[in-house]
Amino acid sequence: MKELEAAWRWRLRNKILPLDAAHGAARVFHGRDEGAGALRDLTIDLFGAHAWVTWRLVRADQAGAGAADGVGDGVLQRVSRFLSNKGVSSAVVLKRPKKGLPGEPTALFGAPPSVAFAVRENKMEFLVRMLGTRHPGLFLDHGPLRRLLSGAGPDAGPDAVELDGGDVLNCFSYTGALSVAARAGGARHVTSVDLSRPSNVWAAENWKLNGFEPDGADFVTGDALELLPSWRRKGRRFDCVIADPPSFARGRKAVFSTRKNLSALAGMVFGLVAPGGMAVISVNTEDMAQREFDEAVRRGARDAGTRIVGLVQLRAPETFGRGAHLKGVVARV
C-alpha cells in the first residue's frame, strides 16, 4: 500500500493531517491521481475518526458481483489494515457502479456510527452519516467554495463573497452546507430548494446545529427547474443565487443533464440575480470540458440579458488531485 502511505505522508507534510479526532474532515486518498492498479478506483474520505471508502466499479473485471466481492475484497482488506494502523476507528465502503445508483454502504471494519455526528470546518459544523445513505452529506470538494461564501480561512482572500445583509437562494441544496456557509458569511436570509424532503430535513438540522435563527431560512421541497422561472415571472430577486445541480436528475416534469441543460439553468439563475449581485454555478462531472462549462454559463447570462462584470473560477482542493470533475464560477453582475 505504498500509494496510500505516500498520500498520507503528503497530507501530514501539508498539515491536512492529523485531523481533529472528533470533528475534522478531509479526503485522504484520491485514487485517480494518487493510486495505481485497483487503487485508482478508490477514494477515501475521513470524517473525524471514521472513513468513507468509495470504490468505482469501472473496469470489465468488476462487472459481476462475484468479481466485485472477490478481487476487490483483497484490496479492501489491505485498505482496512492501513486505515486501522493509522488510528481510524471504523470505515464503510460504497460500491459505485458505472451506471445506475449504488446501494447503501456497508461496514468495512470497526463499528461505524449508526446515527449522524458533527464535523467542523472553519467554525461551521455539519452533520454526516455513515450508514443508511448513499453519501455522507458533505461534499469535501466544495470546501473552497464554502470558505468563499463564509469569508473564513486563508483561501477566501480577496475573492471572498460579500453577503452582508443579503438575500440568498441555494438551488439543489442537498443537506444545506452552502446555505450554512452563506449565513456564516453574513446573509440575512437563505432560501434552500431541493426536490428531496429528507435532504431538506437534514439541511434544517445543519442550520440549527450552527445556532442560526429559524426565521433566517426557508427550506423548500420542490423542483428548482420549475420554481426559478416562476419566481422570475413574479419579480422575485436575490443578491446571490447558488446552483450546484446533479449531473443528471429526473424532476417532476422534465429530465435534467448538465451537458444538455446547463446553459438553460444558468439563464434561470442569472434571471433571478438582482443588479450588483452574483451567481454561483458549479457542476461535478467529467463529461463536460471546462471550456464547455464556461460557454454554457456565458450563454445563460446572455439569454437572461445579464452582463457579467467579474468572474472567479472555483477549484477543487489539492487533496482531489487535478480536480477535473469540479467546474464552477462566482459571477458578479
Just one of (1) in contact with a helix residue (DSSP H, G or I) (Cβ under 8 Å, 6 or more places away or on another chain); (2) at pLDDT below 95; (3) surrounded by 12 or more Cβ atoms within 10 Å (Cβ to Cβ) trips up Val93, so point out which. (2)
Quick one: would you say Ser80 is surrounded by 15 or more Cβ atoms within 10 Å (Cβ to Cβ) and in a loop (DSSP other than H, G, I, E, B)? no
Looking only at region 1-23, how many residues end up being assigned to a loop (DSSP other than H, G, I, E, B) and of a type in the set (A, V, I, L, M)? 6
Which of the strands (runs of 3 or more DSSP E) found entirely inside region 221-300 contain at least 3 residues meeting this: touching a helix residue (DSSP H, G or I) at 6+ places or on another chain (Cβ under 9 Å) and either on the phi > 0 side of the Ramachandran plot or of a type outside the set (Phe, Trp, Tyr) (or both)? 238-243, 273-284
For Gly305, only one of the following conditions fails: (1) free of Cβ contacts under 8 Å to residues at least 40 places away in the same chain; (2) surrounded by 15 or more Cβ atoms within 10 Å (Cβ to Cβ). What is its number? (2)
Can you find even one residue in region 242-254 that is modelled with pLDDT of 95 or more and hydrophobic (A, V, I, L, M, F, W, C)? yes
Tell me, please, whether a residue that is surrounded by fewer than 17 Cβ atoms within 10 Å (Cβ to Cβ) and under 30 Å from Ala6 (Cβ atoms) can be found in region 267-287. yes
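For every residue, the table says whether it meets (1) aromatic (Phe, Trp, Tyr); (2) at pLDDT 95 or above; (3) farther than 26 Å from Ser80 by Cα.
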| residue | (1), (2), (3) |
| --- | --- |
| Val119 | no, yes, no |
| Asn122 | no, no, yes |
| Gly132 | no, yes, no |
| Leu138 | no, yes, no |
| Asp159 | no, no, yes |
| Ser173 | no, yes, yes |
| Val180 | no, yes, yes |
| Ala187 | no, yes, yes |
| Val190 | no, yes, yes |
Does Arg291 qualify as being out of contact with any strand residue (DSSP E or B) (no Cβ under 9 Å at 6 or more places or on another chain), surrounded by fewer than 15 Cβ atoms within 10 Å (Cβ to Cβ) and not β-branched (Val, Ile, Thr)? yes
Name the residue that is surrounded by the most Cβ atoms within 10 Å (Cβ to Cβ), counting only residues in region 223-260 that are without any contact (Cβ under 8 Å) to a residue 40 or more places away in the chain and under 20 Å from the mean Cα position of the chain (by Cα). Thr258
Of all residues in region 24-77, how many are part of a helix (DSSP H, G or I), farther than 19 Å from Thr106 by Cβ and either modelled with pLDDT under 80 or of a type in the set (A, V, I, L, M) (or both)? 3
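The values are calculated or read from the model by the stated rules, or taken from the named source; none is laboratory data. Worth saying up front: this structure is predicted, and the values here are computed from it rather than measured. Don't worry about glycine lacking a Cβ; one is built from the backbone with ideal geometry, like all the others, and counts go over all protein chains shown.
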